[in-house]
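We did not get these values from a lab; they are worked out from the coordinates using the rules stated. Everything numeric here is computed off the predicted structure, so don't read it as measured data. So basically every Cβ, Gly included, is an ideal-geometry build from the backbone, and we count neighbours across all protein chains shown.
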Amino acid sequence: MTTFKELLVKGTQQLGEDRNACLDVQVLLEHVTGIERFVFYAYPESEVTIEQEQHFLALLKRRLQGTPVAYLVGHKEFYGLDFLVDKRVLIPRPETELLVEAALEVIRCRLAAGQVPIVADVGTGSGIIPVTLAVEEPRLPYLYASDISADALEVARLNCLRHHVAQRVRLLHGDLLAPLPERVDILTANLPYVGSNEIDILTTDVYDYEPHLALFSGPHGLDLLHRLLIAAQQFVILKEGAVVLLEIGYQQREELEQFLQQVWPQATVTFKKDYAGWDRLLLLQI
Ligand SMILES: C[S@@+](CC[C@H](N)C(=O)[O-])C[C@H]1O[C@@H](n2cnc3c(N)ncnc32)[C@H](O)[C@@H]1O
């Protein structure tokens, strides 16, 4: 019989000993045994069943071939919540927590001022943004969440059910702002912002496995952000005093600032940095 310790050693020998590889091995072992990782370390000599060992080795092989660990186990943590993910959606990234935090701040300011804001998330993917906002702020009676991918919306629907917000998150299918049925106070979006000129710097884990519809946006990654900003400015979908919060690529601030000066000079635009010091969040107020 094989022990936890033997599988952990085998996993790290194959995947490597850096922090991410160790984490991947632990996540895979947790997944196949249903046992939390601290137990592996507390009882390293405990044995796994033959089925668990075979399942672990099969997943390890797929991980070695490049499949991201979140797709192998079918879920990923975001803002302290567990979300279902599969190849139909982008895997949630920690930097998107910055957007959620900033959106919650704006929502709570509005609520404190006696206004119940209408919130919409565009390009919602697995639904991490609207689901987290709905869970964190139960005073919001409803939110909109849209995506052009019907497949992604199916995953979002499962996540709404999983977190008991299916009655409050209204899923809409369509291009950018087109499906929104009313004007909104707060618009959030983590749209694709990778340029086709950046393909070479993407890891194969990302390029070969994550949906390209969720990654790419024209030659410099800015096509959808430009389209969204123009649509928001022209189509009166935003209410007076509305706030737009957009996750952006780490080198896109300057270009977006210049673009907005041309197309939307009246808007007040600020940026927030991520923990690595990059401008990753654009906040626009009208
Ligand atoms: C970068 S992913 C982000 C997903 C999710 N919001 C997150 O933060 O993990 C971008 C999402 O935008 C969607 N998308 C791409 N083009 C779109 C469009 N024209 N209109 C609406 N959604 C679009 C993709 O299907 C994908 O789900």
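Figures for the structure shown
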{"item": "For L260, net neighbour charge (Lys/Arg +1, Asp/Glu -1) across residues whose Cβ lies under 15 Å away", "result": "-2"}
{"item": "Distance in nm between pseudo-label sites at E254 and H212 (7 Å out along the Cβ direction from Cα)", "result": "3.0 nm"}
{"item": "Candidate lysines for bridging to K273, where Cα separation is under 20 Å - those fewer than 8 sequence places away on the same chain excluded", "result": "none"}
{"item": "Förster-model FRET efficiency, 41 Å R0, D200 and R157, C-beta, rounded to 0.05", "result": "0.70"}
{"item": "Inter-label distance, nm, simple model (7 Å from Cα along the C-beta direction), F38/K5", "result": "2.1 nm"}
{"item": "Total charge dipole magnitude, region 1-153, about the Cα centre, Cβ charges on Lys, Arg, Asp, Glu only, Debye to nearest 20", "result": "260 debye"}
{"item": "Interatomic Cα distance distribution for region 100-163, bins of 10 angstrom, percent", "result": "23, 52, 22, 4"}
{"item": "Rounded D (µm²/s) - the chain, Kirkwood Rh over Cα pairs, Stokes-Einstein at 20 °C, 1.002 mPa s", "result": "105 µm²/s"}
{"item": "Linear extension gain, A276 paired with E101, 0.36 nm per residue minus alpha-carbon span", "result": "61.3 nm"}
{"item": "Mean separation of Cα contacts under 8 Å, 6 or more apart, over the residue count of the chain: relative contact order %", "result": "14 percent"}
{"item": "Cα-based reach from K61 at 20 Å (exclusive), listing aspartates and glutamates while leaving out same-chain residues under 8 positions away", "result": "E6, E17, D18, D24, E30, E51, E53, D86, D205, D208, E210"}
{"item": "Stretch in the chain that is longest and holds no GluC sites (Glu not before Pro) that DSSP places in a loop and that have at most 12 other beta carbons within 10 Å", "result": "46-181"}
{"item": "FRET E, pair Q115, D18, Förster distance 30 Å, beta-carbon r, rounded to 0.05", "result": "0.05"}
{"item": "Efficiency of FRET between L81 and Q261 - r from beta-carbon atoms, R0 41 angstrom, step 0.05", "result": "0.65"}
{"item": "CD proxy at 222 nm, helix term only [per DSSP H run n ≥ 4: -39500 (n - 2.57); per residue of the chain; nearest 500]", "result": "-13000 deg cm²/dmol"}
